[in-house]
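Structure record follows, encoded as structure tokens.
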Amino acid sequence: MAEPGDANTSGLPAHLVTLASDIHSKLNFHKNAYGDYIDIHNCLHRVIEERGKLQQEREAVLLLVAEKEELIKKNEEQTAEIESLKKKLQATGTKDTHEVCESDFQNNQSEGVQTRSMHKRKRQCQGHASENVDGQELMEDLSDTSNLEQHPSIEFEDSSKEITKIHSKLIKGFLEIDNGGRNFGIKYMGQLSDKPFRLACVEKFALKEAEAVAKASELCCSWQEQLLNPDWDPFKTVTVGDFSEDIVDTDDDKLQELHATLGEVVYKAVVNGLSEMKRYCRLSDRTIVPELWNFKENRKATPSECVEYLCNQVKLLSNAKGRINRRKWGCGGGRN
């Protein structure tokens, strides 16, 4: 825009020159305002990103604190058990037996081997008790302790094995019948979906549907390979007191590049894939893990609700077959 007084405007009427000057001023104002808007937008974007990082770190810290409190609680419970055993042994008046049994109990508590420790304590305590205490009384005390501590542990271990067995069989069963479209089924932990990539290709590259599908498939495969590469380690350690936890490092160069290129949705999908592999202890070999999944509520499914779901499906199938058979043999109760 020419300034008032230039050769291009010198021959114009005064009111047009004034109007041209006003327009020029307003254009400069809007140009400067747009520049300020871009600066504010970029600052706000950085604030949002920083807030997301702080939220992730806060969640990791809270998780570590919760785990620490749980361990402290378990330690207090074990300490109480040790004190209880001390009192029982002190009541027998046998200091030597007390020391042997207490030492063995503490060592095996740390190793988690309760069954063998009880048999060992019985043999040791029986040998020492013959010197200056009534061995039968001490054995009864230890037998009571064994009943309280050994059997719950065995029952819990058996239950855990049984649940794990059922879980594995359910996964095998769903893998054989799963064809999608169900409320319950198999989710592959650590496997990327091409849906976020399709959305990004449409928005970022303005591609048509067919082109977006092809480009999304290419990008998804590329990032899946990256996810399965053990040499890529985009994690950092957060420590609270004596406890440490590895979390996804949002400052990782490749993740930052992904966020800038394809946007938030794809970035979160890849971060979630990394988190799933960590949760299922697959960071060393980077293998994909099948898991029972409640797709309706978007969470891990329990074995009990999967069994209930399958029973309902069998019931529905049985009813459907019954209706077909009744129609086939003319027993449907139709009107005459």
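The values are calculated or read from the model by the stated rules, or taken from the named source; none is laboratory data. Keep in mind that this is a model prediction, so the values were computed, not measured. Note that each Cβ is placed from the backbone with ideal geometry, even for glycine, and that neighbours are counted across all protein chains shown. The accessibility values were calculated without ligands, DNA or RNA, using every heavy atom of the protein model including side chains. Shrake-Rupley method; radii C 1.70, N 1.55, O 1.52, S 1.80 Å.
Once both labels are positioned 7 Å from their Cα atoms along Cα-to-Cβ, the gap between Asp285 and Glu245 label points is 2.7 nm. Peptides 36-49, 306-319 ordered by packing proxy, namely the average of other Cβ atoms within 10 Å per residue, highest first: 306-319, 36-49. Computed about its Cα centre, the charge dipole of the stretch 230-336 is approximately 1900 debye, with only Lys, Arg, Asp and Glu carrying charge at their Cβ. Per-atom-type breakdown for the stretch 248-320 gives carbon and sulfur 54% of the accessible area (1.4 Å probe, protein chains only). Across the cross-link table entries Lys187/Lys268; Lys204/Lys254; Lys187/Lys236; Lys161/Lys300; Lys208/Lys278, which are compared at the Cα atoms, the separations over 24 Å belong to Lys187/Lys236; Lys208/Lys278.
Label-to-label distance for Tyr188 and Ile324 is 3.1 nm, based on points extended 7 Å past Cα in the beta-carbon direction. Take the Cα of Leu71, step 7 Å toward its Cβ, do the same at Ser159, and the gap between the two points is 2.5 nm.
Net length available on complete extension from Asn42 to Ala14 is 5.8 nm, with 0.36 nm assigned per residue and the Cα-Cα distance removed.
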